[in-house]
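The values are calculated or read from the model by the stated rules, or taken from the named source; none is laboratory data. All values reported here derive from a predicted model rather than from experimental measurement. Because the Cβ atoms are built from the backbone with ideal geometry, glycine has one as well, and the counts that use them run over all protein chains shown.
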Amino acid sequence: MDSQWRRLAPVVALLLFAPIIAEVLYGATRLSTIFVLVPEVGAWGCGALMIRYAARRWRLEWPGMLLLGLALAVAEECIIQQTSLAPLTGLAKAEYGRLWGVNWVYFVWASGYEAVWVVLVPIQLVDLMFPTRREEPWIGRGGFARAAIFFTVAAFLAWYMWTQRARTMVFHMPPFNPPAASLAVAIGVILLLIAAAYRLRGRRTAPQGSTPGPAAAGLAVCLLSIPWGALVLVGYGATPQIPAGWTIAASLLWATFSLFLMHRWSFTAGWQDRHRFAAVCGAIAGSMIGGYVMFAVGGALPMDWIGKIIFNVIAAVWLARLRRRLTARGA
């Protein structure tokens, strides 16, 4: 039993951490709606697990995993919950950045957020937790097939709970059925992203450049993450006086600069586990802070404020303990 648990431990950790980091700690999934964590484990957790399996089989570095994460985000935004195609609900007071049937500002935010905080950050964190199994895929083809089945079931539940129930019964919005052309384009984009990741298989980036200290790297990632965590408010039209085109351009420049910086730092000889852990902590902290901005501007129930604070404190304490473990083993 112990050996079986050791074999499954990283799988279970990734299944849980993908939705907890991206949804619960951030505040998108709140204490008042914590029940949706169940399908999120199936969709986000299994999605991250399948991406990691592909990354290990194809020998991908994090840029390749990012492409696969973007494919997962497009599936979520355009096929599963369709939030980037349907007129926005909840915080949205008026359309902002909507053109050709797409909420472009929201889509830019969601694609970047989900690719990084659903996929890259949880995978990196669990790899740090289980260093001796870092190069293993953790699951075989049978495990991948089971994850795909659970993902499909969870995706259907997420689609039904949002598009057929919450959207019409909670937000009192009319039913939305995306055009077949939009779904076809989304599927095409997903396939192109997967193909682009596959083309990167086996490629290794040679070490280059200098490495900042772990604290500097973590702080930089945190500061880069906070605006992205709050960008969702702009996507909902919180700043209608700013032209949507400017927002999209600025967001893409911000993302490009962030990825350039991480690429320059992470592919150096001096980039070690302590730097990776600092970057993970910085990303999680930035997301949590951005979530408080979202709560403050968009509003939240008192119980959701309390729940977010409690969840964030627990996460901070746990990460501090994990840091001591990493330090003790010389990471």
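Out of L219, L193, L224, one residue alone is within 15 Å of M65 (Cβ to Cβ), crowded, with 16+ Cβ neighbours inside 10 Å and either modelled with pLDDT under 95 or not hydroxyl-bearing (S, T, Y) (or both). It is L193. If the condition is being outside any helix (DSSP H, G or I) and either hydroxyl-bearing (S, T, Y) or touching a helix residue (DSSP H, G or I) at 6+ places or on another chain (Cβ under 8 Å) (or both), then segment 151-179 contributes M173, P174, P175, F176, P178. Output yes when any residue across segment 80-97 is within 30 Å of F260 (Cβ to Cβ) and touching an Asp or Glu at 6+ places or on another chain (Cβ under 7 Å), and no when none is. For segment 80-97, residues within 30 Å of F260 (Cβ to Cβ) and touching an Asp or Glu at 6+ places or on another chain (Cβ under 7 Å): present. Taking the conditions (1) under 30 Å from V297 (Cα atoms); (2) surrounded by fewer than 20 Cβ atoms within 10 Å (Cβ to Cβ) in turn, T211 satisfies each one other than (1). The set of residues from segment 91-104 being in contact with a Phe, Trp or Tyr (Cβ under 6 Å, 6 or more places away or on another chain) and either at positive phi or modelled with pLDDT of 90 or more (or both) comprises just one member, G97. Kindly indicate whether T163 is within 16 Å of T83 (Cα to Cα), surrounded by 14 or more Cβ atoms within 10 Å (Cβ to Cβ) and among the hydroxyl-bearing types (S, T, Y). Taking the combined requirement at face value, the residue satisfies it. Candidates V105, V116, V74: the one that is β-branched (V, I, T), crowded, with 22+ Cβ neighbours inside 10 Å and closer than 30 Å to R325 by Cα is V116. Note on segment 265-289: residues that are within 16 Å of G209 (Cα to Cα) and among the small types (G, A, S) amount to 3.
Can you pull out every residue in segment 279-295 that is in contact with a Lys or Arg (Cβ under 9 Å, 6 or more places away or on another chain) and hydrophobic (A, V, I, L, M, F, W, C)? Result: C281, M288, F295. A single entry from V221, V189, V185 fulfils the requirement of being more than 30 Å from W100 (Cβ to Cβ) and either of a type in the set (A, V, I, L, M) or within 22 Å of the chain's Cα centre (by Cα) (or both): V221.
Here is a yes/no grid of residues against (1) more than 17 Å from L128 (Cβ to Cβ); (2) modelled with pLDDT under 95; (3) out of contact with any strand residue (DSSP E or B) (no Cβ under 7 Å at 6 or more places or on another chain):
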| site | (1), (2), (3) |
| --- | --- |
| V280 | no, no, yes |
| G286 | yes, no, yes |
| A296 | yes, yes, yes |
| K308 | yes, no, yes |
| F311 | yes, no, yes |
| A315 | no, no, yes |
| W318 | no, no, yes |
| A328 | no, yes, yes |
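Go over the candidates R201, R264 one by one and state the one that is in contact with a Phe, Trp or Tyr (Cβ under 6 Å, 6 or more places away or on another chain), over 30 Å from V313 (Cα atoms), modelled with pLDDT under 95 and not polar (S, T, N, Q). Being in contact with a Phe, Trp or Tyr (Cβ under 6 Å, 6 or more places away or on another chain), over 30 Å from V313 (Cα atoms), modelled with pLDDT under 95 and not polar (S, T, N, Q) holds for just one of R201, R264, which is R201. Checked against (1) surrounded by fewer than 20 Cβ atoms within 10 Å (Cβ to Cβ); (2) at pLDDT below 95; (3) among the hydroxyl-bearing types (S, T, Y), T256 passes all but condition (2).
Within segment 135-166, the set of residues being within 20 Å of the chain's Cα centre (by Cα) and without any contact (Cβ under 8 Å) to a residue 40 or more places away in the chain comprises T152, F156. For segment 240-264, give me each residue that is within 26 Å of Q208 (Cβ to Cβ) and more than 21 Å from the chain's Cα centre (by Cα). Within segment 240-264, just R264 meets the criteria.
Those residues that are part of a helix (DSSP H, G or I), among the charged types (D, E, K, R) and crowded, with 18+ Cβ neighbours inside 10 Å, I need them from segment 6-59; list them, please. Hits for segment 6-59 are E23, E40, R52. For segment 119-138: of the residues being among the β-branched types (V, I, T) and crowded, with 20+ Cβ neighbours inside 10 Å, which is farthest from E40 (Cα to Cα)? By that ranking, first place goes to V126. With respect to the conditions (1) crowded, with 16+ Cβ neighbours inside 10 Å; (2) without any contact (Cβ under 8 Å) to a residue 24 or more places away in the chain, V313 falls short on a single one, namely (1). For A148, indicate whether it is part of a helix (DSSP H, G or I) and buried (at least 18 other Cβ atoms within 10 Å of the Cβ). Considered against the rule, which asks whether it is part of a helix (DSSP H, G or I) and buried (at least 18 other Cβ atoms within 10 Å of the Cβ), A148 comes out as no.
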